[in-house]
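The structure appears right after this line, and notes come after that.
Taken together, the values in this text are just the output of simple stated rules run on the coordinates, not laboratory data. This is a predicted model, so every value here is computed, not measured. Glycine also receives a Cβ, built like all others from the backbone with ideal geometry; neighbour counts cover every protein chain displayed.
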Amino acid sequence: MTAAKWRRAMNTGVASAVPRLLPSAGGSAAPTPATAPDPYADSNAPRWLKFLWRNLSPRHVFTLAFVLLLPLIVSPFIIYQVASQALIFGLIALSLTFLAGYGGMVSLAQMSVAGMAGYALAVLGVSGTETSLGWPWGVVVPFALFIAVLCSTLIGWLSVRTDGIYTIMITLAIGVAFYYLVLQNYTVFNGFQGYQKVYPPQIYGVNLSDPMPFYFLCLFWAMAGYFLIQWLVRTPFGIALQGTRDNARRMSSLGYNVTAHRVAAYAVSGLLAGVGGVLLVWYNGLISPGSVGTGWLINLLVIAVLGGMKHPIGAFLGAIVFILLQTFAIDVIDRERFNLVIGGVFLSIVLFSPDGLLGLWAKLRMRFGPSQVITSTTRRHL
């Protein structure tokens, strides 16, 4: 099979390339449901157009319309405090979902990578702290993302030679070390005070600090990260990365450089976490050691597991549930014990569905769906 045929098979779903045999009343094979023809299958249309045709569904259109019209429906508090924050943490959690779900590498240093980008933005850019260098944001933002990618690549280079619990411990140690570094260093990171008044810029007269512009800024980058991962996992690199997740020794025997693929995956995750880190600093207007503390290292893992790691959308589902609980759980239980609600919901979902909300949704569709036949479209969107 050529590479082009292999990519086409992965895009259209394996189930559409082979007969689907399910037992029926007469013992014969169940008929294959008809699928819509692909008008771009044999055309010279751009790849992005083929990608959108094969991956967009009515639920994608509905979701896109919902997130675009959301600012007209809810209050600015919901837009800024809930929706924008959920998109930011969903983007950072997406970096962990990509590593763990498609690469088999659980990293607890993703929040630290986001913090590295955030500190670079605060140190090199403009803030209310005198030690900031005051560079223009057009230079600072790309440089902050470059630092995030570089640091994530170095973390990957150190950790990919281990597996399982050892990878988790190495990345956790790096995250804790970075926390104590920014906490105790006053020359560069300004110690426990951090950097205050780090605000987003004004572009063509639009103040990105306002709830609606900032929401659309977060939405744009969240969608960019989502579609980047959706496209990347279907490329030869993404397929090889999933092969290393399933059987690294066999992929190595086939001639693939397992270490290089894993380090490259860390670099991609660093880019996603870096964008999320920049948005998080602009959202809070500050960055301090508390932003990269051990608690947030664990919370990011909770978000990823809560939503599910088998699809990129799981990171955003987990972030929405987590931010809603964090925002409104205090109204349900005492201020000192509202984390019990978050922990209880997390344990309940994981107990009934180890694959998170995505796994729970898949079980409900299989039980109450109109048909038990899993089409290629269903398989792709589970």
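Of note:
- In nm, spacing of pseudo-spin labels at Leu254 and Thr131 (7 Å Cα→C-beta vector): 4.9 nm
- Taking one quarter of the surface of the C-alpha convex hull of the stretch 71-333 gives a mean projected area of 14.6 nm².
- Multiplying the residue separation of Met169 and Leu181 by 0.36 nm and removing their Cα-Cα distance gives an extension gain of 2.5 nm.
- Estimated inter-spin distance, Asn207 and Arg367, nm [label 7 Å along Cα→Cβ]: 5.0 nm
- All C-alpha to C-alpha distances of the stretch 201-271, sorted into 5 Å bins beginning at zero, yield P(r) values of 4, 14, 18, 15, 11, 9, 8, 8, 6, 4, 2, 0 percent in whole numbers.
- Whole-Å distance, taken between Cα centres, linking the stretch 213-237 and the stretch 170-197: 29 Å
- Linear extension gain, Asn284 paired with Gln81, 0.36 nm per residue minus alpha-carbon span: 72.1 nm
- The slack in the chain from Leu68 to Leu154, taken as 0.36 nm per residue of separation less the alpha-carbon distance, amounts to 27.2 nm.
- Under Karplus coefficients 6.51, -1.76 and 1.60, residue-wise ³J(HN,Hα) of the stretch 262-273 in Hz, glycine/proline x: 5, 5, 4, 5, 5, 5, 5, 5, x, 5, 5, 5
- The three principal axes of the C-alpha atoms in the stretch 257-304 carry coordinate ranges of 41, 21, 18 Å, sorted with the longest axis first.
- Hz values of 3J(HN,Hα) by residue in the stretch 98-109 - Karplus curve (6.51, -1.76, 1.60), Gly and Pro given as x: 5, 5, 7, x, 10, x, x, 10, 8, 10, 9, 9
- Exposure proxy ranking, count of Cβ atoms within 10 Å, fewest first, for Lys310, Lys197: Lys197, Lys310
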